[in-house]
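Contents: one structure, followed by commentary.
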Amino acid sequence: MDLTDLLRNVEMFTGLTEPQLQKLSTIFELKEYHQNEVLFTQGEQGAHLYLVKKGFVEVIVNDPDTSSGRTIVNLGPGQSVGEMALVDQGVRSATVRAAIDGTVVASASRDAFNDLCEKDTATGYRIMRNIAADLSFRIRRRRFD
Amino acid sequence: MIYKVSYVVIGGEHPGAIANVEQPPRIGDIVALGKQSFRIIEVLELMPPRGQFSFLHASCEIIHGEDS
């Protein structure tokens, strides 16, 4: 599976045309992670968006009372992390690390992502709409917790 | 169709998972969610389909003694 195949299977990019997907793929890089290797840490400034290609990542929220972390969800193939930083430019709301060896994640910088969306507003509109739909999915799933 | 599935583990401490899969989950299927495997005991539609995506909820139970 190349990067365009990965992007085609990510909800955030559904509805994009093949040329749009190919242009988008140029700003992503792939990296393989070992188990427990950290992608980013809660509280730090977020500058990248991540897409899980293979394996799982753990999303961990620190408990300020105990200073320990609690895994709130595992995210597998096709899932995105770090998109909130693209939208609000805030700090990371959780720590994310690889749950298993061989987890492969694609990442793109916020600057490259925003630049592409601003130059191609049709792509940008579609992606932002899809991000909103994904947040809706995550809110709806909470009623089963 | 791509199936975006929210897996919720009933009982235990596992936080569940979200993953895109090519085949819809079915009751009785065994799924590996990170370091452990689970058995699916319930499948529901979470939201109406949009584009090529279908959105499902799957309740799972721990498979005792078969952690992977």
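Structure above, values below:
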quantity	calculated
Using distinct alpha-carbon pairs, which all enter the 1/r mean, Kirkwood radius of region A:79-122 in Å	12.4
Trypsin sites (Lys or Arg not before Pro) lying in DSSP loop within region B:26-58, provided at most 16 other Cβ fall within 10 Å	B:R26, B:K35
For A:E37, distant residues with modelled amide H under 5 Å away	A:A98
D_trans [Stokes-Einstein, Kirkwood Rh over alpha-carbon pairs] for region A:11-69, 10 °C, 1.306 mPa s, µm² s⁻¹	110
Calculated FRET value between A:D2 and A:A112, using beta carbons and R₀ = 25 Å, to 0.05	0.85
Descending principal axes extents, chain B, alpha-carbon based, whole Å	39, 19, 18
Cα-centre dipole for the protein assembly as shown with unit charges at Cβ (Lys and Arg positive, Asp and Glu negative), debye to 20	480
In sequence order, calculated HN-Hα J values of region B:38-47 (Karplus, 6.51, -1.76, 1.60; Hz; x Gly/Pro)	9, 9, 7, 10, 7, 9, 9, 7, 8, 9
Region A:1-142, relative contact order in percent, only Cα pairs under 8 angstrom and at least six apart counted	33
Lysines with Cα under 27 Å of B:K35, excluding same-chain neighbours fewer than 8 positions away	A:K31, A:K53, A:K54, B:K4
Cα-based reach from A:K119 at 17 Å (exclusive), listing lysines while leaving out same-chain residues under 8 positions away	A:K23
FRET efficiency for A:T121 and B:E61, using Cβ-Cβ distance with R0 set to 35 Å, rounded to 0.05	0.15
Area buried, chain A against chain B - accessible surface, total, 1.4 angstrom probe, square angstrom	2300
Per-residue ³J(HN,Hα) for region A:11-25, Karplus 6.51 cos²θ - 1.76 cosθ + 1.60, θ = phi - 60°, Hz, x for Gly and Pro	4, 4, 10, 5, x, 6, 7, 4, x, 5, 5, 5, 5, 4, 5
Calculated FRET efficiency for the pair A:Q35/B:I30, C-beta based, R₀ 22 Å, to 0.05	0.55
Accessible area in the full protein assembly, largest first, 1.4 Å probe, for A:M128, B:M1	B:M1, A:M128
Semi-axis lengths, Å, chain A, gyration tensor of Cα atoms, sqrt of 5 times eigenvalues	25, 17, 15
DSSP-loop GluC sites (Glu not before Pro) across chain B, with at most 11 other Cβ within 10 angstrom	B:E13, B:E22, B:E66
In order through region B:4-15: 3J(HN,Hα) via Karplus (6.51 cos²θ - 1.76 cosθ + 1.60), integer Hz, x for Gly, Pro	8, 10, 9, 9, 10, 8, 7, x, x, 9, 5, x
Centroid-to-centroid separation of region A:1-61 and region B:9-68 [C-alpha atoms, Å]	21
Label point distance in nm, A:T66-A:V91, each placed 7 Å from Cα along Cα→Cβ	2.2
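The values are calculated or read from the model by the stated rules, or taken from the named source; none is laboratory data. Only a predicted model underlies this, so the values are computations on that prediction, with no experimental measurement involved. For neighbour counting, all protein chains shown are included, and Cβ atoms are generated from backbone atoms with ideal geometry for every residue, glycine included. Surface accessibility is based on the protein's heavy atoms, side chains included, excluding ligands, DNA and RNA. Shrake-Rupley method; radii C 1.70, N 1.55, O 1.52, S 1.80 Å.
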